[in-house]
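Colleague: Sending over a structure as structure tokens; questions will come in a sec.
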Amino acid sequence: MNTLELIQKRCSIRQYAPTAVEEEKIDYLLEAARLAPSAVNFQPWYFLVVKEDEGRRKLQECYPREWFKQAPLLILVCGDHSQSWKRQSDGKDHMDIDVAIATEHICLAAAEQGLGSCWVCNFDTALCRKHFNLPETVEPVVILAIGYPENPDLFAKTPKKRKATDEVSKRETF
């Protein structure tokens, strides 16, 4: 499958089979994340792999949705403000951008491996920070729910609502 086909396949999956994700696939996802580009190559990220019941319960407290409990693998993606590049002209911290790129690398690698994923950004970050003893400079940014889709057809059946190219692109000037 080419890159565009992979991107078209990826979608937010919220229905997971109870099948565990194999360690070699977890390693594959982490390698995809590790290779993501970052501003000035600072790589200001951490990927906390959570698959045991205790850790999963803690994350479920931070995001108490029923569908979320089905995911056999959760990855808490964190960014470290003390390691991120800040643009000199305006002080813009690129940690969020870097973490987002790495997160999407994981999602694309998951889709390639037949795994579904879903970004979760609306969670209790203070509770998450407490549960996982995150240092002050480390921010929990995304929880990724990952697992085998309950039905493999979900990849094809999940609607992809996107604006038309001419609505989101400009040529030469705005």
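Colleague: For region 33-55, which positions are assigned to a helix (DSSP H, G or I) and surrounded by fewer than 18 Cβ atoms within 10 Å (Cβ to Cβ)?
Modeller: Taking region 33-55 and keeping what is assigned to a helix (DSSP H, G or I), we get 33-34, 39-41, 53-55.
Hits for region 33-55 are 34, 40, 41, 53, 54, 55.
Colleague: Then there's this: I'm checking my understanding of the structure. Among residues of region 133-174 that are among the acidic types (Asp, Glu) and not in a loop (DSSP other than H, G, I, E, B), which one is modelled with the highest pLDDT? Walk me through it before giving the result.
Modeller: Taking region 133-174 and keeping what is among the acidic types (Asp, Glu), we get 136, 139, 150, 153, 166-167, 172.
Restricting the remaining residues to those that are not in a loop (DSSP other than H, G, I, E, B) gives 139, 166-167.
Values: 139: 98, 166: 92, 167: 94.
Selected residue: 139.
Colleague: Which numbered condition trips up residue 109, out of (1) of a type outside the set (S, T, N, Q); (2) in a loop (DSSP other than H, G, I, E, B); (3) within 14 Å of residue 33 (Cα to Cα)?
Modeller: The number of the failed condition is (2).
Residue-by-condition table, conditions (1) surrounded by fewer than 17 Cβ atoms within 10 Å (Cβ to Cβ); (2) of a type in the set (Val, Ile, Thr):
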position: 68; (1), (2): no, no
position: 83; (1), (2): yes, no
position: 87; (1), (2): yes, no
position: 99; (1), (2): no, yes
position: 134; (1), (2): no, no
position: 140; (1), (2): no, no
position: 146; (1), (2): no, yes
position: 153; (1), (2): yes, no
position: 156; (1), (2): yes, no
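Colleague: Quick one: would you say residue 58 is of a type in the set (Lys, Arg), out of contact with any strand residue (DSSP E or B) (no Cβ under 7 Å at 6 or more places or on another chain) and touching a residue at least 24 places away in the same chain (Cβ under 8 Å)? Before you say what the answer is, go through the steps one by one.
Modeller: On the way: of a type in the set (Lys, Arg): yes; out of contact with any strand residue (DSSP E or B) (no Cβ under 7 Å at 6 or more places or on another chain): yes; touching a residue at least 24 places away in the same chain (Cβ under 8 Å): yes.
For residue 58, the condition - of a type in the set (Lys, Arg), out of contact with any strand residue (DSSP E or B) (no Cβ under 7 Å at 6 or more places or on another chain) and touching a residue at least 24 places away in the same chain (Cβ under 8 Å) - is met.
Colleague: Working only within region 77-100, note down all residues that are closer than 11 Å to residue 45 by Cβ and not in a helix (DSSP H, G or I).
Modeller: 77, 78, 79, 80, 83, 84
Colleague: I'd like to verify a number: residues in region 56-66 that are in a loop (DSSP other than H, G, I, E, B) and either hydrophobic (A, V, I, L, M, F, W, C) or surrounded by 12 or more Cβ atoms within 10 Å (Cβ to Cβ) (or both), how many? If you could, list the steps in order and put the result at the bottom.
Modeller: From region 56-66, those in a loop (DSSP other than H, G, I, E, B) are 63-66; that's our starting set.
Within this subset, residues satisfying the condition of being either hydrophobic (A, V, I, L, M, F, W, C) or surrounded by 12 or more Cβ atoms within 10 Å (Cβ to Cβ) (or both) are 63, 65.
Number of matching residues: 2.
Colleague: Taking only region 14-30 into account, find how many residues are out of contact with any Phe, Trp or Tyr (no Cβ under 8 Å at 6 or more places or on another chain) and in a loop (DSSP other than H, G, I, E, B). Quick ask: steps written out before the conclusion?
Modeller: To start, the set of residues in region 14-30 that are out of contact with any Phe, Trp or Tyr (no Cβ under 8 Å at 6 or more places or on another chain) comprises 18, 20, 22-29.
Next cut, in a loop (DSSP other than H, G, I, E, B) only: 18, 20, 22.
Number satisfying all stated conditions: 3.
The values are calculated or read from the model by the stated rules, or taken from the named source; none is laboratory data. This is a predicted model, so every value here is computed, not measured. As a convention, Cβ positions derive from the backbone with ideal geometry for all residues, glycine included, and neighbour counts pool all protein chains shown.
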